[in-house]
Amino acid sequence: MPEIILYGPITAPFTRKVEGALILKKLPFERREPKSPEDYLRWSPETGLLPVLEIDGERTHDSARILDELDKRFPEVPLVARDPKIAQSQRRLEQWAEAAFTFYWIHYLRGLVNAEEDAPKPRKGLREEFGQRLDDLANFLGGRPYFYSDEPSRADLAVWSFLHGVREAMGVELAQAVTSRPALEAHSARLSALFDR
Ligand SMILES: N[C@@H](CCC(=O)N[C@@H](CS)C(=O)NCC(=O)O)C(=O)O
């Protein structure tokens, strides 16, 4: 069995996404939680960002690259569909979800930090836009249990890890934006049943 160590804060969607991939592939691993800002640079000298995954002493950073590496070394269970067209859609959705939700997440945090200061306000309509992005996701899902497939893929991991984070960290109102959309709520519950420990 390889020795696998996942360095990253479990509150970060990117860490949760990698953890989900390891669970899907049934790979035992140890997780190390950063305890100070210095841990980020020590564990991830190239970028200062976590997660980083170490397999038998070899480290990879960036959650998407880590998932590629996992599929290369441990092909079962694959993190994208075997059909290349479906796999391409799943990868695209992963990229889209991460770009979109990172944007709203940063604005949300900035709002919290700036709340009591005389700081520029975020532009109007962000909350409505966030709801529209959630509607887009529900549409992508259609009637399927997972994105474009009957099996979970890296697209599901990316979306679920962010929505999980939204529900835990972004306050009641935004959490309701997720829970009030039955298709997304059912998708989150399906994924949580697989990955929550
Ligand atoms: N594209 C990277 C993003 C990783 C990332 O943004 N990590 C954040 C935690 S959510 C981080 O390490 N932040 C520390 C910092 O910005 O100094 C990935 O997919 O792994």
Extreme residue, positive dipole direction of the chain, given options Gly142, Leu22, Val166 (C-beta unit charges): Gly142
Karplus-derived 3J(HN,Hα), 6.51/-1.76/1.60, for each residue of the range 10-15, Hz, glycine and proline x: 5, 6, 7, x, 5, 5
Cα-based Kirkwood hydrodynamic radius, the chain, one decimal, Å: 17.7
Integer Hz, Karplus 6.51/-1.76/1.60 couplings in order for the range 175-188, x for Gly and Pro: 4, 5, 4, 7, 5, 7, 10, x, 5, 6, 4, 5, 4, 4
Computed [θ] at 222 nm, helices only, for the chain once each DSSP H run of length n ≥ 4 contributes -39500 (n - 2.57): -19000 deg cm²/dmol
Thr47-Leu109 FRET efficiency (beta carbon distance; Förster radius 25 Å; 0.05 resolution): 0.85
Charge dipole magnitude, Cβ of K and R +1, D and E -1 - the range 84-195, Cα centre, debye nearest 20: 300
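Where a number appears in this text, it was derived from the coordinates with a stated rule and is not lab data. As the structure is a computational prediction, the values presented were derived from the model and not from experiment. We place every Cβ from the backbone using ideal geometry, glycine too, and count neighbours over all the protein chains shown.
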